[in-house]
Every structure is written in C-alpha cells, then in structure tokens.
Amino acid sequence: MSIENIGRVAEFLLVEDNPGDVRLTCEALTESKVKNNLSIVGDGMEAMAFLHREGKYADAPRPDVILLDLNLPKKNGLEVLAEIKADSNLKRIPVVIITSSEAEQDVLKTYDLHVNCYVNKPVDLEQFIKVVQSIETFWLTIVKLPSEIMD
C-alpha cells in the first residue's frame, strides 16, 4: 500500500473451505498493523460470484488481494485462478495460492496460469500466522498495486 493509501482499509478475499484455516487467517489479519477487511467464501463457485458481484455478492468490495486455496469444492483453485487471469476486469488483482499441496505439478500449473505467488500452508500454528502476516505486509505495504485495484 503506497503512502497515498495509508489509512485506507485493504480488502482481502479468502477462498478457503477449511474452517480452521479460515479462523487462523482471520486471527493473523486481526493482529495486523494494516487496516483490512476480510471477505470469506468457501468454494470456487462462490469466489467467482463474489468477484463478479452476482446474487448475494452484488455489493461485494473489489479485493486488493485474493488468498486462494487449491483444494476447493464445486470449482477447484486452478479453475478459479484460470478464470480470474482470463478476465480483463479481474486479471490484475494479485492472487496468492496458499495451500497444503507441495506437489511440483501444482506449483507449475499455477505459475502457468499467472499466479502472483505460491505459498505452502505451514503446519505449525504460529508459523501459519506469520506467513499470512508476511503476505499481507508484502502485498499491502511493499508492493505498488495498480490504481484500479486501489479504487
């Protein structure tokens, strides 16, 4: 988040079906020094409805960063990533894969689909919180995001 956006609330979209990981991500972002709002959806179909502002998500905020799990019901993370990166209105939103998969095939597939970064979920609870906070710090205080995302 550049200097002109300090004080603005950062918008995260978490696409995660595991309640424990949702809770830990909420905790990590709550403890953060950056003001943020976390929207949560539990599957890939909901993620796309949220991003397209369809149905109950008609008033959904445009996320600054998407935290996307790969192993999702209804539509998996690879399918969601492919749709986001193929959509001219969404493709500039940074997508961070945060998953338990360490498969090299998954890493390669996500980068082929233009993911912004791939992070393995740590098993250790404290380390999980540190990883989420590091993602937030990097994307919201160090990186310069396109202004259309910051609107």
- Quick one: pull the percentage of alpha-carbon pairs in the range 50-151 with a separation above 15 Å. 65
- In terms of the charge dipole of the chain, which places +1 on Lys and Arg and -1 on Asp and Glu at the beta carbon, the residue among PRO122, ASN18, ALA47 farthest towards the positive end is ALA47
- Task: State, as an integer percentage, the relative contact order of the range 1-144 based on alpha-carbon contacts under 8 Å between residues 6 or more apart.
- Result: 28
- Query: How would you rank 90-97, 60-67, highest first, on the average number of other Cβ atoms within 10 Å across their residues?
  - Reply: 60-67, 90-97
- Using a 1.4 Å probe over the heavy atoms of the protein chains, calculate the carbon and sulfur portion of the accessible area of the chain as a whole percent. 52
- Task: For the range 1-110, build the convex hull from the C-alpha positions and give me its volume per residue in Å³.
- Result: 119
- Query: About the Cα centre of the chain, what is the dipole size in debye to 20, counting +1 per Lys and Arg Cβ and -1 per Asp and Glu Cβ, all else neutral?
  - Reply: 380
- Residue-normalised accessible area of the chain, given per residue in Å² at a 1.4 Å probe: 51
- Note on the structure: Once the in-chain neighbours fewer than 8 apart are removed, the aspartates and glutamates whose Cα is under 17 Å from LYS121 read GLU16, ASP17, ASP21, GLU27, ASP69, GLU102, GLU104, ASP106, GLU136
- Query: How many nm is it between the label spots at GLN105 and ARG53, if each spot is 7 Å from the Cα in line with the beta carbon?
  - Reply: 3.9
- Note on the structure: Whole-percent tail of the Cα-Cα distance distribution for the range 12-71, cut at 14 Å, equals 54
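The values are calculated or read from the model by the stated rules, or taken from the named source; none is laboratory data. Because the structure is a prediction, the values reported are computed rather than measured. Backbone-built Cβ (ideal geometry, glycine too); neighbour counts: all protein chains shown. Just the protein is used for accessible areas: all its heavy atoms, side chains included, with ligands, DNA and RNA removed. Shrake-Rupley method; radii C 1.70, N 1.55, O 1.52, S 1.80 Å.
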